[in-house]
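The values are calculated or read from the model by the stated rules, or taken from the named source; none is laboratory data. Quick caveat, the model's predicted, so the values are computed rather than measured. Methodologically, a virtual Cβ is constructed for each residue, glycine included, from the backbone with ideal geometry; neighbour enumeration extends over all protein chains shown. For accessibility, only protein heavy atoms count, side chains too; no ligands or nucleic acids. Shrake-Rupley method; radii C 1.70, N 1.55, O 1.52, S 1.80 Å.
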Amino acid sequence: MAVSTGEDLLPVLTASALRKRYGAKEVVAGLDLALAPGECFGLLGPNGAGKTTTLRLLLGLTRPDGGTISLLGLPVPDQARQARVKVGVVPQLDNLDPDFSVAENLMVYGRYFGLSDAAVAARIPELLEFADLTGRADAKIETLSGGMKRRLTLARALVNDPDVIFLDEPTTGLDPQARHMMWQRLRRLLGEGKTILLTTHFMEEAERLCDRLLIMDRGKAITTGAPRDLIAAHIEPHVVEIYGGEEKPDCAASCQRQERVGETLFCYATDPHDLLAQLQQQCKLRYLHRPANLEDVFLKLTGRDLRD
């Protein structure tokens with residue numbers, strides 16, 4: 001995935017003891033993080049965890065109440081504008097200009113970085129190829145599908161050939177085909193040595209793409225590490241989901257932990273052999289045996305309650 005995450009390389013982005021308060025609520029509460037060159041770093045958390053505020057702080061769009069930030073060796077927010085020259089941002093919602101064509105959107109965005117029209121024009125064929133939009137340079141935004149718009153927004157973030165790319169829920173609203181294509185493009189960027197900071201509600205996405213990640217809630221970091229390490233540390237290796245309104249079997253002897261959510265019983269086990277043998281004898285029960293995943297970790301650490 002990433003080109004290198006060697007400890008001898010200086011981080012491209014660091015935050016230390018980062019804090020931000022709105023009124024009586026502290027939405028970022030002493031957060032620490034560091035991104036190594038060439039890695040994909042995930043910032044995960046439920047709604048209201050403080051992810052969006054953290055991104056704004058790291059980009060210098062919001063001034064922190066405490067802590068320090070360094071982006072590409074420059075202090076943020078004091079020199080945020082200079083640092084953002086080599087940063088690309090894909091916002092949560094597409095903000096393409098509907099009055100401009102595909103190529104014109106790229107051209108106008110390049111001017112924000114002080115790039116000449118000639119320099120941007122030279123990059124447009126490459127950016128369109130990257131977004132799988134070759135032949136669509138003159139198309140109006142309203143004629144593009146949701147997946148095309150999302151890929152164009154990613155291509156637009158690359159106009160200035162950034163070293164660091166901020167991705168705020170880049171695949172929300174995309175169908176599976178478009179999501180997988182977006183993942184391919186992000187892996188390609190990582191292969192080119194770009195550094196990515198990713199926020200997402202898709203745990204599969206984080207597990208597939210991220211070298212490391214941080215799970216936060218209520219402004220604080222809960223845990224950080226590589227996805228596989230977090231799964232191994234927090235969840236038993238096997239999960240058996242038992243569905244339906246029928247009477248469920250007794251999992252206590254086979255499972256280290258069980259959790260009932262509605263009509264589903266989740267059994268977490270080191271060795272589910274006995275439980276699976278028991279379930280095979282109960283033909284009326286529907287069940288799924290699967291390996292533990294990052295979503296199991298996320299729900300265990302942040303809870304299953306809905307957040308506004």
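Estimated at 0.36 nm per residue, the fully extended path between residue 82 and residue 122 surpasses their Cα-Cα distance by 12.0 nm.
Its Cα centre serving as origin, the range 38-162 has a Cβ charge dipole (Lys and Arg +1, Asp and Glu -1) of approximately 320 debye. The label-point distance for residue 276 and residue 100, in a model that sets each label 7 Å from Cα toward Cβ, rounds to 5.5 nm. Over the range 103-175, the ratio between the Cα radius of gyration and 2.2 N^0.38 Å evaluates to 1.07.
Per residue, the convex hull around the alpha carbon atoms of the range 6-135 comes to 156 Å³. Per residue, the range 184-308 exposes 53 Å² of accessible surface when a 1.4 Å probe is rolled over the protein heavy atoms with every protein chain present.
In whole percents, the pair-distance distribution calculated for the range 134-219 from its alpha-carbon pairs, binned every 5 Å from zero, is 3, 12, 24, 24, 18, 11, 5, 2, 1, 0. Putting +1 on Lys and Arg Cβ atoms and -1 on Asp and Glu Cβ atoms, find which of 57, 77, 17 reaches farthest to the positive end of the dipole of the chain. Ranked along the dipole, the leading option is 77. Dipole orientation for the range 169-228: of the candidates 172, 224, 182, 224 has the Cα lying most toward the positive pole (charges on Cβ; Lys, Arg +1; Asp, Glu -1).
Taking the Cα atoms of the range 151-308, the ratio Rg/Rh between the radius of gyration and the Kirkwood radius comes to 1.06. Take the Cα radius of gyration of the chain and divide it by 2.2 N^0.38 Å, N being the number of residues; the result is 1.14. First measure r as the distance between the Cβ atoms of residue 68 and residue 243, then evaluate 1/(1 + (r/R0)^6) with R0 = 41 Å and state the FRET efficiency to the nearest 0.05. It comes to 0.25.
Take every Cα pair under 8 Å whose residues are at least 6 apart in sequence, average their separation, divide by the length of the range 1-116, and the relative contact order is 23 percent. If only the Cβ of Lys and Arg carry +1 and only the Cβ of Asp and Glu carry -1, the dipole of the chain around its Cα centre is close to 660 debye. If you plug the beta carbon distance of residue 252 and residue 223 into 1/(1 + (r/R0)^6) with R0 = 35 Å, you get a FRET efficiency near 0.80. Rounded to the nearest 10 degrees, the inclination of helix 176-191 to the longest alpha-carbon principal axis of the chain is 60 degrees. This model, with +1 at the C-beta of Lys and Arg and -1 at the C-beta of Asp and Glu, gives the range 188-308 a dipole about its Cα centre of some 300 debye.
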